[in-house]
Amino acid sequence: MKTCEKCSKVHNGSFGSGRFCSRSCANSRTFSNESIEKKRQAALKSPPWNKGKSRTYTKVCVTCNKKFSYVGWSNRKTCSSECAVHAPGRNGGYRPNSTRKIRNQYKGYWMDSGAELQFAKLLDEHNIKWIKNTKTFFSYRDNSGKTRKYYPDFYLPGYDYWVEIKGLYYKHENDKHKLNAVGSNIELQYHNNIKLPSCI
């Protein structure tokens, strides 16, 4: 049993910290000048949002290495929500030939896997111009008859050729419909056998 610090009533200590018997006693307590000063000093050291002021911070994004500024109190590490999703450490980092959705930024493009990054670097080694496709799509009908859009991974403008990079675990029954929608100028490569396209 405990004794309330406000009304001296004996109680079982189940309310709050056990120092008071009820909410009314806890709210009516008085504070010493010393405790008030401690709270004032703590408020002065608190983040700017707590003082009614704002502060501008300038940092370097851990994902894309661009400088960015923001107003606030949080410890931001990325310049945008897109970069935050792909920040190092959040998804385990880059592994060559990864079949996981580990995205990497390379030459201004987001690579959806380590295999795509490896393929882009291979093309660069042989001075082959490439585009990571995010805009051009081909319509196809899936097995259920529904019309869908297919965005091949890479386009080689010098050869008018498309390349799709896939992990073995991402094989899908509609893959043949996707490739047929593009035509004969597309090639499928798997993550464990990245090589120069056959059109070269």
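Search region 1-19 for residues that are in the same structural domain as Thr30 (by TED's automatic domain parsing) and pair each with any residue that is of a type in the set (Ser, Thr, Tyr) and not in a strand (DSSP E or B) when their beta-carbon atoms are under 7 Å apart and the residues are at least 6 apart or on different chains.
Lys6/Ser28; Phe15/Ser22
State the number of residues belonging to region 141-184 that are surrounded by 15 or more Cβ atoms within 10 Å (Cβ to Cβ) and not aromatic (Phe, Trp, Tyr).
Selection size over region 141-184: 15.
Residues Leu196, Leu117: which one is within 28 Å of the chain's Cα centre (by Cα) and of a type in the set (A, V, I, L, M)?
Matching residue, one of Leu196, Leu117: Leu117.
The values are calculated or read from the model by the stated rules, or taken from the named source; none is laboratory data. Just so it is clear, the model here is predicted, and its values are computed rather than measured. All Cβ positions, glycine included, derive from the backbone under ideal geometry; neighbour counts span all protein chains shown.
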